[in-house]
Amino acid sequence: MKMKVTPERKKRTKHSLLSLKRNKLLYLMILPGFLYFVIFKYLPMGGLIIAFQDYQPFLGITGSPWAGLKHFIRLFTEPTFFMLLKNTLILFALNIVIFFPLPIILALMLNEVRHKMFKNVVQTIIYIPHFLSWVIIVSITYVFMNVDGGVLNEIIAAMGGHKISFLTSPEWLRTVYIGQIIWKELGWSTIIYLAAITVVDTQLYEAAEMDGAARLRTTWHVTLPAIRPVIITLLILKIGHTLDLGFEHMYLLINSLNREVGEIFDTYIYTAGLKNGQLSFSTTVGLFKGVVGLILVMLSNKLAKKIGEDGVY
């Protein structure tokens, strides 16, 4: 059956083509980002098929035998699964509860600074750690917290205390992990919130001032509600990374003494996939992480819309 082309449809198509022609340079600027996502994000998804195979590199994807759901059954029945899930969820919860609010608080504090030079200096200082790799961050932590000659432990010993094994003790691993994230990413994470604060209507502040509101009350009743959509959007995106905490940071922290509380899905994928050559199984773990992240984003976005927020889409 041939679809009927209405005059309105023709008009919309013509308008779209004219807009494309008129803004062709702007669309051309989108091209590099579009190609990046297609080449490095979407095309590699074809490799997920090996999660359902006993993949052998010399046989390739087309020649490797099918395994069905064997690797998924193994993942959910292995004792390590619950250890990985527990460790990952605890670290994510600490990330949400402790780290996530800190950039918001810091951005609100910086917004209240009236001395421009001082504000610029502070922002520069807190942005610098973001540009350091995790290798450098962990190395600096080692220098400060190592039992043998670590600055912090030497101070503790000088004050009559006992040295603490910060880097090998399971009890301290999560504290060190969150502390390093705060140190490295706190300043950089304020950028989006500071940008959101700059677009708040100044008339709202003037009205609050006329009503006699102090700066703290103005922040609570004007600034925070104004940037709430940004906070909700970033929280939804953060929830999408519940099982995706990143490989490099934790891999540099864990060792044989704290692995029981430090092993997460990301480090397990490296151990199973690259070290032990179980490529299909490690792909299964990665696919599980991705599916869970997608479901959580969809659910949290739906919940945000139910409470009256815009959500991500």
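Close amide H pairs (under 5 Å, H built 1.01 Å from N) link residue 53 with 67, residues at least 5 positions away or on another chain. Accessible surface for the stretch 233-313, divided over its residues, is 50 Å² per residue with a 1.4 Å probe. Evaluating kT/(6 pi eta Rh) at 37 °C and 0.692 mPa s, with the Kirkwood radius of the chain over Cα pairs in the Stokes-Einstein relation, gives 137 µm² s⁻¹.
Residue by residue, the stretch 140-153 carries 3J(HN,Hα) couplings of 5, 4, 4, 4, 7, 10, 4, 5, 8, x, x, 4, 5, 5 Hz when phi is fed to the Karplus relation 6.51 cos²θ - 1.76 cosθ + 1.60 (θ = phi - 60°); x denotes Gly or Pro. The mean of 1/r over all pairs of different alpha-carbon atoms in the stretch 238-304, once inverted, gives a Kirkwood hydrodynamic radius of 12.9 Å.
What percent does the relative contact order of the chain come to when contacts are Cα pairs within less than 8 Å and at least six residues apart? Please list the in-between numbers first.
Details: 267 pairs, mean separation 71.8, N = 313.
The normalised contact order for the chain reaches 23 percent.
Considering helices alone, the calculated mean residue ellipticity of the chain at 222 nm is -20000 deg cm²/dmol, with DSSP H runs of length four and up weighted by -39500 (n - 2.57) and normalised per residue. Computed in the context of the full set of protein chains, the accessible area of the chain at 1.4 Å probe radius has 69% of its extent on carbon or sulfur.
The simple Förster model, with R0 at 35 Å and r as the Cβ-Cβ distance, assigns residue 85 and residue 220 a FRET efficiency of 0.40.
Residues of the stretch 129-196: accessible area per residue at 1.4 Å, in Å²? Please list the in-between numbers first.
Numbers: 3580 Å² over 68 residues.
That works out to 53 Å² per residue.
Taking 150, 240, 161 in turn, the Gaussian network model of the chain (Cα-Cα springs below 10 Å) assigns the largest fluctuation to 161.
Note on residue 203 and residue 306: their simple-model spin labels are 3.6 nm apart, each label 7 Å out from Cα toward Cβ.
The accessible area of residue 300, taken with all protein chains in place and a 1.4 Å probe, comes to roughly 20 Å².
Using the charge dipole of the stretch 182-313 (Lys, Arg: +1 at Cβ; Asp, Glu: -1 at Cβ; taken about the Cα centre), state which of 240, 270, 280 has its Cα farthest towards the positive end. Value computed over the given set: 280.
For a 24 Å ceiling on Cα separation, which of these pairs sit above it: 238/289; 70/275; 21/305?
Too far apart for the 24 Å limit: 21/305.
The separation of the stretch 49-115 from the stretch 232-297, counted between C-alpha centres, amounts to 3 Å.
The values are calculated or read from the model by the stated rules, or taken from the named source; none is laboratory data. As the structure is a prediction and not an experimental result, all values here were calculated from the model. FYI the Cβ positions are ideal-geometry reconstructions off the backbone, even for glycines, and counts take in every protein chain you see. To get the accessible areas, we keep the full protein, side chains included, count just its heavy atoms, and leave off ligands, DNA and RNA. Shrake-Rupley method; radii C 1.70, N 1.55, O 1.52, S 1.80 Å.
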